[in-house]
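One structure is given here, and the rest of the page talks about it.
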């Protein structure tokens, strides 16, 4: 009887620990979905979409292997702030990135479907915050937009909030065909 109670307690404790581990994962943390190496690969792929072209690259060639090293070198300047995979396999992201010389930061949020080798397909940037001097403002305002985007699939009702959303606006829109912001 003593042995059976001990085994029952162990099984019960294991089930509770497993349940707690599953419950304690942050559904908006990239670490919930990807290992560190996977995060770096995916973030480099997103950088290739969202940052300036590597030297000598064009829109058509930016993903060529010869430019990969330059995009990888930018990893330290970018950070996942939010990440969520919806039941329909849509991946939502919120990154913190440099602006210009790096004195300012901005949040960028969007969505994609996951292709082979952690390559986003059907990639779309849905919003960019204004430039901020502090990470805390990027995290606060971008975090609000990210959660709204995940919940609603868009941030349409927040577009007039100019202290939160710089783009899209009356002058710029994201073009999903060329994967760039362009004038309206």
Here is a check on your reading of the model: is residue 118 touching a helix residue (DSSP H, G or I) at 6+ places or on another chain (Cβ under 7 Å) and at positive phi? yes
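Quick one: would you say residue 59 is assigned to a helix (DSSP H, G or I) and either within 22 Å of residue 180 (Cβ to Cβ) or in contact (Cβ under 8 Å) with a residue 40 or more places away in the chain (or both)?
no
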Hey, could you check the stretch 125-139 for residues that are in contact with a strand residue (DSSP E or B) (Cβ under 9 Å, 6 or more places away or on another chain) and surrounded by fewer than 16 Cβ atoms within 10 Å (Cβ to Cβ) and say which is farthest from residue 103 (Cα to Cα)? 135
Criterion first (more than 21 Å from residue 174 (Cβ to Cβ), modelled with pLDDT of 95 or more and out of contact with any helix residue (DSSP H, G or I) (no Cβ under 9 Å at 6 or more places or on another chain)) does residue 70 satisfy it? yes
Would you check which residues across the stretch 77-105 are more than 22 Å from residue 37 (Cβ to Cβ) and crowded, with 21+ Cβ neighbours inside 10 Å and list them? 105
Going through the stretch 152-184 in order, the residues found to be in contact with a strand residue (DSSP E or B) (Cβ under 7 Å, 6 or more places away or on another chain), free of Cβ contacts under 8 Å to residues at least 24 places away in the same chain and either more than 26 Å from residue 134 (Cα to Cα) or part of a strand (DSSP E or B) (or both) are 172, 173, 175, 182, 183, 184
Take residue 116 and tell me if it is within 17 Å of residue 44 (Cα to Cα), out of contact with any strand residue (DSSP E or B) (no Cβ under 9 Å at 6 or more places or on another chain) and free of Cβ contacts under 8 Å to residues at least 12 places away in the same chain. yes
Criterion: within 24 Å of residue 154 (Cα to Cα), assigned to a loop (DSSP other than H, G, I, E, B) and modelled with pLDDT of 95 or more - qualifying residue of 34, 43: 34
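Tell me which residues, restricted to the stretch 127-151, are part of a helix (DSSP H, G or I) and touching a residue at least 40 places away in the same chain (Cβ under 8 Å).
Selection gives 138, 139, 142, 143, 145, 146, 147, 149, 150.
The values are calculated or read from the model by the stated rules, or taken from the named source; none is laboratory data. Note that this is a predicted model, so its numbers are computed, not measured. Cβ: placed from backbone, ideal geometry, glycine included. Neighbour counts: every protein chain shown.
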